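Asker: Following this message is one structure expressed as structure tokens.
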Amino acid sequence: MRQHIHAKPTCGFCSLPRFSLVLIILMLFAAALPAQPVREDDDFAYIVELYYSGDAYLDEVSAELEAFGNRYPDSNYSQYILYLKGNIGLKRGEYDLSSSIYEDLLQQELHPDILADIQLNYAITNYYRSDYPKCLKLLDELECSAVHPWYLYQVNVWRGRIKARQELWFSAAEEYQKALAVNAAEVRFDYFQTLLALEREDQVTAILDTLSASSSDYMQFHGAWLDQLLSEGRYTEFEEHAAALDSLHSSSTVLTLLRTRKALELGESLDTKIWLELQTEPSDLATFYRALLLKQHGYIGPADSLLKSLLHSPQGDIAVQAYLERLKGLRKTDPASATNQLEKFMEDPRFRRGDTHFLLGEFKMADGEYLGALHNFIEATNFRLDTPTAERVQILAARCYYEIGQPELSSEACNRYLNNYPDGRYRDLALFFIAKSQTLPENARLARLNYEKLLREHPDSAWATEARFDLAELHFLASEYPEAEALYQSLADSGTEHTGFKLRLAQTYFYQDKYAEASQIISSDLDPSTDFEAALLQGGISFSQKDYESALGTFTRARDLATTPSQKTEALSYQAYTLYYLKRYAEASKLFQDLSRDSLNADIYLYQAAKAAAAGRNWVRALELYDRWLDEFPESDYFLSVLADIANTNFNLGRYSESLTDWLNILKRFTNNTYVEDADRPLLAEVFTGIETCSRKLRGTEHIDTIANMIDSFKSDYIKFELEYILVKLYADAELWEDLLREASQFRASLGLPRQRQNEFDQLLLQSLIKLNRLEEADSLATMIQTEDPSRWVLVQWAELAELNGKPEIALERYQRAYAISPDADVWLRMVELSAANNWPEFDTIWESGSQFQADHPQTQLLRVEYFFHTGSLADARALADSLLDSQTNPWIRAGAEIWLDRISLEQGDYHSARRGFQKIRLLYQDFPEVHSEACYYYIISLVKLGETHEARLALTEYRHLFSDAQADEIEALLNNGR
């Protein structure tokens, strides 16, 4: 609760010069009718003197006024009697009474000396009645009619106070500044509070610096500043400023109350000294704090008694706060009554405040009325709130946005909170709902980042468990099972009882093929005999382990446990698939067909029913189901796939001509496609295979002519190309290559293809011959193509043919010609490897020509080391191998470099270094079998060279299985010869 430290507003009559009424009495006495008794004048004069004697005599003044009215009902002083009654009512806080009196007086003809005073006091009563529009109107009228400057000063004072009540701080400051020019004392504190509201800290501290510790208002001003620091949550600055106060005020009541408030806000224990001082403090605010402390320590009854005693406190704000605290207590026993009472309380415009809206929002939120709560939280922000309350309002509003189905607005509100409160108490909650609000799949990464930040920065948050589970779910749904497993396992290790995470952990194990771990959780924490999801998971484990009989039984039990139609459908579908894998195709087909009758996935299930029938070789039944599918689902995405299955079924029935027609009909659906999407290519690949397979089953050439005649109807080069390829393979069936080449040449010419398309056709034909191992025919075709239209691609193919025919010199020459046309890393690598495999012809030239490719292919450096080794440049070989070990991180390259360094040592007779090096390689690089085998071989050679024949024979026995017969024989020969 904000601790309000006010200057007590001064009523207009309190400052009205005393002699004004005396003058009025004298004037009335002079103008009195001759019949007017002198006693009446004396009685009235006595009342006036008594009135001005102080507020202690107000009761006596009231009694005298009543007696005077009864004694002189027709007195000429009647207006002044009412005037004094109104003033007494105003002093006593009886604002409705005094307002009524002043209103009646203003309807009469009044003496000018009291007119302005009544106008001012009438405005003041309306200020206290919170009727600010009427008060402002009366002040405007007074400003226009008043003659005495004192009234104009009072207009500025009270107009400033109204603007402050309305939180129009700039206007309030302007009015106070005008008043300060007349009287600096009365509104100095009002102005100070306005500066606090405007957050003009430089001016606030300047005023504080001018205060003397001995002045009566020292703690009033410093207390207001300390109150502001608490309201803004600046607790460290509060303590610093409190410590800097003059020692005369270190035990002031104001400081005691402020420290109590701080302890209540932070939930801290109250210092014993402050507690004792609080017990003796008689103010209503101290009583309120005592009640809160008692409530905090569980003394509900005594706390409520104190709060009840404050309901009629003259300090209206404390009365309201006491009432709200009592409603919080009522809320625990009768929530509906507490909410209803608060709503009724707020029907009075005076009590529609930031704190009441906030509390009503909390009540509604607890009842799940998130939209209503949001409305109240938004209304609360229209009032000046202390920082802790404003912070809580903002975060609760963000949560309400989420709960009413507005995740984007929730995320925006949480981000505003994080920006507004860098060290806020609810940053964990803001991060949680930002993550929770990322409902779209494409925002999963943002959700994950916020969950991770929450867990990293707020590991002890009350939301950490749910955040960890939600983060695990994100990883699970993204098929990132190891990450999900770690999070689910952390929940299990912490002993958290979060609904569903044990099942999720088991599912995570399942998707990683950790069936034993998944089964362990099922047996210890889940019950497949009563839990549908657990039964499905157990069935899935059995299915994945190919224990289809057990899986079928478990899925049947899951079907019996299903409580919703969707669960039953899911269990039945698993049953059907299990029956399929048990090769009980007829049962599977029937179950899939049953599922198709009442399901959102009817097209899929009917399709599976047909496929199951086909798998059971019940081709006729499969065709019936496929035909029914075509009738019922002509718009399905599976339409072309079903047509393909029909074609396959006709083929299996021996209806090759019908099957070919089916395949060609599917292909015709792509007649107008200029470009074939990647998604369609697997289907078209199946279509082309079907066309080729059916064509080979048919006799004669009519079907070949049909295919040939179709080619020009397609716009897609891809489809044309595939059909042409099929034609070539159909000609190739007889393996009459000379005839094939002759016919292919004629066919190529008859197609009239552009040169580029003809080259593609030639390339395909050449590749086909190579794949069929018809190397001579392929070489002949390559020669013909190279003669007609020389190209780099043909040179490369031609070089490959030379390699296959065992002619490395010719192959290398052709690769070099192709490389000269267009340098290419692949061709350069082939040349390097070909040279290395054939005693290094032109290796230096080839190596230098590929300088731009060497960095991207560091493995070639090993071939260069080998080249230096075999040409006797051992120093160069060693230097290059050392540089590879310094620069390369690839373990295979490093292993190769180590091998060559140790072979160089062996070659140079440094057998000890060689043995040590090969032993190191043998131990470190067992993941590379070839390297490991070579290291073992040379390790034994090194032992032999060192004369350690016994160890060499033991090693040979251990590693003989790694060596070729020639290697083993070579080692045996060395051992038998002594070295």
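The values are calculated or read from the model by the stated rules, or taken from the named source; none is laboratory data. Computed from a predicted model, the values in this text were never measured in an experiment. Here the Cβ positions follow ideal geometry from the backbone for every residue, glycine too, while neighbour counts run over all protein chains shown. Ligands, DNA and RNA are stripped out before the accessible areas are found, and what is left, the full protein with its side chains, is counted by its heavy atoms. Shrake-Rupley method; radii C 1.70, N 1.55, O 1.52, S 1.80 Å.
Asker: When you go through (1) farther than 28 Å from Arg617 by Cβ; (2) not in a helix (DSSP H, G or I) one by one for Arg597, which number turns out not to apply?
Answerer: Failing condition for Arg597: (1).
Asker: Sort out which residues of the stretch 460-499 are outside any helix (DSSP H, G or I) and either small (Gly, Ala, Ser) or more than 16 Å from the chain's Cα centre (by Cα) (or both), and write them in order of number.
Answerer: Here is the first cut: in the stretch 460-499, the residues outside any helix (DSSP H, G or I) are 460-463, 478-480, 494-499.
Passing the criteria: Asp460, Ser461, Ala462, Ala478, Ser479, Glu480, Ser494, Gly495, Thr496, Glu497, His498, Thr499.
Asker: Kindly check whether there is at least one residue in the stretch 495-510 that is at pLDDT 90 or above and over 25 Å from Ala464 (Cβ atoms).
Answerer: yes
Asker: Then there is this: Identify the residue in the stretch 922-979 that is of a type in the set (Ser, Thr, Tyr) and part of a helix (DSSP H, G or I) and, among all such residues, is most open to solvent (accessible area, probe 1.4 Å).
Answerer: Once the filter is applied, the top-ranked residue is Thr957.
Asker: Suppose we filter Thr465, Thr496 for residues that are touching a Ser or Thr at 6+ places or on another chain (Cβ under 6 Å) and open to solvent by 40 Å² or more (accessible area, probe 1.4 Å); which single one remains? Steps first, please.
Answerer: Numbers: Thr496 fails: open to solvent by 40 Å² or more (accessible area, probe 1.4 Å).
Within the list Thr465, Thr496, the selection yields Thr465.
Asker: Could you check how many residues of the stretch 430-448 are assigned to a helix (DSSP H, G or I) and within 12 Å of Glu408 (Cα to Cα)?
Answerer: Within the stretch 430-448, the first condition is being assigned to a helix (DSSP H, G or I), and the residues that meet it are 430-436, 441-448.
Applying the additional criterion that residues be within 12 Å of Glu408 (Cα to Cα) yields 433-436, 443.
Final tally of qualifying residues: 5.
Asker: Now a separate question. Somewhere in the stretch 518-529, is a residue in a helix (DSSP H, G or I), free of Cβ contacts under 8 Å to residues at least 12 places away in the same chain and in contact with a Phe, Trp or Tyr (Cβ under 6 Å, 6 or more places away or on another chain)? If you could, list the steps in order and put the result at the bottom.
Answerer: In the first step, residues of the stretch 518-529 are kept if they are in a helix (DSSP H, G or I); the result is 518-525.
Remaining after also requiring free of Cβ contacts under 8 Å to residues at least 12 places away in the same chain: 520, 523-524.
When the remaining residues are screened for being in contact with a Phe, Trp or Tyr (Cβ under 6 Å, 6 or more places away or on another chain), the result is none.
No, the stretch 518-529 contains no residue that is in a helix (DSSP H, G or I), free of Cβ contacts under 8 Å to residues at least 12 places away in the same chain and in contact with a Phe, Trp or Tyr (Cβ under 6 Å, 6 or more places away or on another chain).
Each row is one residue, and each column tells you yes or no for (1) under 28 Å from Ser905 (Cα atoms); (2) outside the structural domain of Gly896 (by the TED database); (3) more than 52 Å from the chain's Cα centre (by Cα); (4) modelled with pLDDT of 80 or more.
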site: Leu801; (1), (2), (3), (4): no, yes, yes, no
site: Tyr815; (1), (2), (3), (4): no, yes, yes, no
site: Ala818; (1), (2), (3), (4): no, yes, yes, no
site: Gln852; (1), (2), (3), (4): no, yes, no, yes
site: Ala877; (1), (2), (3), (4): yes, no, yes, yes
site: Leu884; (1), (2), (3), (4): yes, no, no, yes
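Asker: Are any residues in the stretch 652-679 part of a helix (DSSP H, G or I) and open to solvent by 50 Å² or more (accessible area, probe 1.4 Å), and if so, which ones?
Answerer: Here is the first cut: in the stretch 652-679, the ones part of a helix (DSSP H, G or I) are 652, 656-668, 678-679.
Of everything in the stretch 652-679, those that are part of a helix (DSSP H, G or I) and open to solvent by 50 Å² or more (accessible area, probe 1.4 Å) turn out to be Asn652, Tyr656, Ser657, Glu658, Thr661, Asn665, Lys668, Asp678, Ala679.
Asker: May I pose another question? Look at the stretch 207-224 and say how many of its residues are closer than 22 Å to Glu239 by Cβ and either without any contact (Cβ under 8 Å) to a residue 40 or more places away in the chain or of a type in the set (Gly, Ala, Ser) (or both).
Answerer: Quick first cut of the stretch 207-224, residues closer than 22 Å to Glu239 by Cβ only: 207-209, 211, 213, 218-224.
Then drop every residue that is not either without any contact (Cβ under 8 Å) to a residue 40 or more places away in the chain or of a type in the set (Gly, Ala, Ser) (or both), which leaves 207-209, 211, 213, 218-219, 221-224.
Residues in the stretch 207-224 being closer than 22 Å to Glu239 by Cβ and either without any contact (Cβ under 8 Å) to a residue 40 or more places away in the chain or of a type in the set (Gly, Ala, Ser) (or both): 11 in total.
Asker: Right, next: Considering the stretch 100-114 alone, what residues qualify as being in contact (Cβ under 8 Å) with a residue 12 or more places away in the chain and closer than 23 Å to His148 by Cβ? Reasoning before the result, please.
Answerer: Let us first name the residues in the stretch 100-114 that are in contact (Cβ under 8 Å) with a residue 12 or more places away in the chain, namely 101-106, 108, 110-111, 113-114.
Answer for the stretch 100-114, where residues must be in contact (Cβ under 8 Å) with a residue 12 or more places away in the chain and closer than 23 Å to His148 by Cβ: Ile101, Tyr102, Glu103, Leu105, Leu106, Gln108, Leu110, His111, Asp113, Ile114.
Asker: One residue is enough: does the stretch 838-855 have a residue meeting the conditions closer than 26 Å to Gln926 by Cα, assigned to a helix (DSSP H, G or I) and open to solvent by less than 30 Å² (accessible area, probe 1.4 Å)?
Answerer: Filtering the stretch 838-855 for residues closer than 26 Å to Gln926 by Cα gives none.
No, every residue in the stretch 838-855 fails to be closer than 26 Å to Gln926 by Cα, assigned to a helix (DSSP H, G or I) and open to solvent by less than 30 Å² (accessible area, probe 1.4 Å).
Asker: A further question on this structure: Go through the residues of the stretch 307-320 one by one and say whether even a single one is β-branched (Val, Ile, Thr) and free of Cβ contacts under 8 Å to residues at least 12 places away in the same chain. Don't jump to the end; show me each part of the working.
Answerer: Step one: of the stretch 307-320, the residues β-branched (Val, Ile, Thr) are 318, 320.
Add one more test, that the residue is free of Cβ contacts under 8 Å to residues at least 12 places away in the same chain, and what stays is none.
No, the conditions are met nowhere in the stretch 307-320.
Asker: Let me ask something else. Restricting attention to the stretch 184-195, which residues are open to solvent by less than 10 Å² (accessible area, probe 1.4 Å) and farther than 16 Å from Glu174 by Cβ? Please lay out each step first, then the result.
Answerer: Going through the stretch 184-195, the residues open to solvent by less than 10 Å² (accessible area, probe 1.4 Å) turn out to be 187, 189, 192, 194-195.
Across the stretch 184-195, the qualifying residue is only Phe189.
Asker: Filtering the stretch 114-158 down to residues that are β-branched (Val, Ile, Thr) and within 24 Å of Ser78 (Cα to Cα), which residue is surrounded by the fewest Cβ atoms within 10 Å (Cβ to Cβ)? Spell out how you get there, then give the answer.
Answerer: Restricting attention to the stretch 114-158, the residues satisfying the condition of being β-branched (Val, Ile, Thr) are 114, 118, 124-125, 147, 155, 157.
Imposing the further condition that a residue be within 24 Å of Ser78 (Cα to Cα) reduces the set to 114, 118, 124-125.
Working: Ile114: 19, Ile118: 24, Ile124: 27, Thr125: 27.
Selected residue: Ile114.
Asker: May I ask you to list pairs of residues, at least six apart or on different chains, whose Cβ atoms are under 6 Å apart, with the first in the stretch 643-654 being at pLDDT 90 or above and the second being open to solvent by less than 40 Å² (accessible area, probe 1.4 Å) and of a type in the set (Gly, Ala, Ser)?
Answerer: From the stretch 643-654, the pairs are Ala647/Ser659; Ala647/Gly690; Thr649/Ala614; Thr649/Ala622; Asn650/Ser659; Phe651/Ser659.
Residues are listed down the side, and each one gets a yes or a no for (1) modelled with pLDDT under 80; (2) of a type in the set (Phe, Trp, Tyr):
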| residue | (1), (2) |
| --- | --- |
| Lys8 | yes, no |
| Val22 | yes, no |
| Glu60 | no, no |
| Arg71 | no, no |
| Tyr77 | no, yes |
| Gly86 | no, no |
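Asker: Next up: Without any contact (Cβ under 8 Å) to a residue 12 or more places away in the chain and out of contact with any Pro (no Cβ under 9 Å at 6 or more places or on another chain) - does that describe any residue in the stretch 863-872? Walk me through it before giving the result.
Answerer: At the first step, the residues of the stretch 863-872 found to be without any contact (Cβ under 8 Å) to a residue 12 or more places away in the chain are 872.
Next cut, out of contact with any Pro (no Cβ under 9 Å at 6 or more places or on another chain) only: 872.
Looking through the stretch 863-872, at least one residue is without any contact (Cβ under 8 Å) to a residue 12 or more places away in the chain and out of contact with any Pro (no Cβ under 9 Å at 6 or more places or on another chain).
Asker: Six or more apart or on different chains, Cβ atoms under 9 Å: show the pairs whose first residue is in the stretch 598-627 and touching a residue at least 12 places away in the same chain (Cβ under 8 Å) and whose second is surrounded by 21 or more Cβ atoms within 10 Å (Cβ to Cβ) and not in a helix (DSSP H, G or I).
Answerer: Ala602/Ser596; Asp603/Ser596; Ile604/Ser596; Tyr605/Ser596; Leu606/Ser596; Tyr607/Ser596; Gln608/Ser596; Ala609/Ser596
Asker: Output the residues belonging to the stretch 801-828 that are on the phi < 0 side of the Ramachandran plot and outside any helix (DSSP H, G or I). It would help to see each step written out before you state the result.
Answerer: Of all residues in the stretch 801-828, those on the phi < 0 side of the Ramachandran plot come to 801-805, 807-828.
Result: Asn805, Lys807, Ser822, Pro823, Asp824.
Asker: Then there is this: Looking at the structure I just gave you, is Asp386 charged (D, E, K, R) and under 30 Å from Leu418 (Cα atoms)?
Answerer: Values: charged (D, E, K, R): yes; under 30 Å from Leu418 (Cα atoms): yes.
The answer is yes for Asp386.
Asker: Would you point out the residue of the stretch 410-460, among those that are among the hydroxyl-bearing types (Ser, Thr, Tyr) and farther than 19 Å from Tyr370 by Cβ, that is surrounded by the fewest Cβ atoms within 10 Å (Cβ to Cβ)? Walk me through how you get there before you give the answer.
Answerer: Initial filter on the stretch 410-460 (among the hydroxyl-bearing types (Ser, Thr, Tyr)): 410-411, 417, 421, 426, 437, 439, 451.
Now restrict to residues that are farther than 19 Å from Tyr370 by Cβ: 421, 451.
On the way: Tyr421: 18, Tyr451: 28.
Only one residue tops the list, namely Tyr421.
Asker: Here is a further query. Would you confirm, using the coordinates I've provided, whether Ala875 is open to solvent by less than 30 Å² (accessible area, probe 1.4 Å) and not acidic (Asp, Glu)?
Answerer: no
Asker: Something else: Could we say that Gly539 is at pLDDT 90 or above and either outside any helix (DSSP H, G or I) or buried (at least 16 other Cβ atoms within 10 Å of the Cβ) (or both) here? Quick ask: steps written out before the conclusion?
Answerer: Working: at pLDDT 90 or above: yes; either outside any helix (DSSP H, G or I) or buried (at least 16 other Cβ atoms within 10 Å of the Cβ) (or both): yes.
In short, yes.
Asker: Taking the stretch 337-382 only, how many residues are modelled with pLDDT under 90 and farther than 23 Å from Gly316 by Cα?
Answerer: 0
Asker: May I ask you to list pairs of residues, at least six apart or on different chains, whose Cβ atoms are under 8 Å apart, with the first in the stretch 476-487 being over 14 Å from Gly500 (Cα atoms) and small (Gly, Ala, Ser) and the second being assigned to a helix (DSSP H, G or I) and open to solvent by 40 Å² or more (accessible area, probe 1.4 Å)?
Answerer: Ser479/Tyr511
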